[in-house]
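I have placed the structure first, in the form of structure tokens, so that the comments after it can refer back to it.
The values are calculated or read from the model by the stated rules, or taken from the named source; none is laboratory data. If you're wondering where the values come from, they're calculated on a predicted model, not measured in any experiment. All Cβ positions, even for glycine, are placed from backbone atoms using ideal geometry, and neighbour counts span all protein chains on display.
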Amino acid sequence: MPSGYEIERRFLVDVPDSLWSGLEPGLRYRQGYVLTDGVASVRIRTGEPRGPVLTVKSGRGIKRREVETVVSREMAEALFTACERRVLEKIRFRIGPWELDRFAGSLSGLALLEIELTHVEDAIPEPPRGISIIREVTMDNRFTSAHLAHLTERGRRAFVADVYEEVRE
């Protein structure tokens with residue numbers, strides 16, 4: 001989507017190890033956050049077939065304003081430098097209408113399932129077979145990539161452990 005609104009629902013999920021190995025190869029994203037203030041974010045992402053993408057998102061919840069443009073590799077690297085440590089990596093798998101994100105590095109173990117909708121009221125399709133939805137996190141800003149990127153490495157590891165520990169209790 002070049003510009004407009006993104007209507008998206010996000011879910012914290014549990015994915016068995018056997019399912020990961022059976023998925024088609026995903027796209028390895030590197031995302032850096034140049035600016036975030038809790039309502040808006042400016043992100044640079046590499047790993048998309050179209051090239052590095054600069055994205056501005058604003059708003060909260062299910063429907064958010066989103067504008068993006070492809071930039072040069074040189075621009076992307078300059079923006080990553082500006083991000084300092086606010087960078088994360090994940091692999092995104094496409095499963096039907098769903099996108100499954102498997103985070104890497106200090107966020108290893110975190111898996112989020114996303115669905116983009118046409119309208120806020122649209123019904124949510126059945127999740128992919130074998131993936132257990134733990135809970136919806138669309139309205140929980142702790143699960144936005146912008147928030148996760150701001151955590152320290154130690155904070156990221158603790159976050160992943162804590163959210164899955166809550167499930168076991």
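For the stretch 98-108, the candidate set comprises residues that are over 14 Å from I131 (Cα atoms) and touching a strand residue (DSSP E or B) at 6+ places or on another chain (Cβ under 8 Å); within that set, the residue that is surrounded by the fewest Cβ atoms within 10 Å (Cβ to Cβ) is G105. When each of E74, E68, E89 is tested for being outside any loop (DSSP other than H, G, I, E, B), touching a Ser or Thr at 6+ places or on another chain (Cβ under 9 Å) and of a type outside the set (A, V, I, L, M), the lone residue that passes is E68. Scoring L110 on the criteria (1) in contact with a Phe, Trp or Tyr (Cβ under 7 Å, 6 or more places away or on another chain); (2) closer than 17 Å to G26 by Cβ; (3) modelled with pLDDT under 95 leaves a single failure, condition (3).
Residues of the stretch 134-159 that are more than 18 Å from G38 (Cβ to Cβ) and under 16 Å from the mean Cα position of the chain (by Cα): R135, E136, R156. Residue-level check: of (1) within 14 Å of T144 (Cβ to Cβ); (2) surrounded by fewer than 18 Cβ atoms within 10 Å (Cβ to Cβ); (3) within 16 Å of the chain's Cα centre (by Cα), E48 misses just (1). Which numbered condition in (1) of a type in the set (D, E, K, R); (2) in contact with a Gly (Cβ under 6 Å, 6 or more places away or on another chain); (3) on the phi > 0 side of the Ramachandran plot is the only one that E84 fails? Unmet for E84, out of (1) of a type in the set (D, E, K, R); (2) in contact with a Gly (Cβ under 6 Å, 6 or more places away or on another chain); (3) on the phi > 0 side of the Ramachandran plot: (2).
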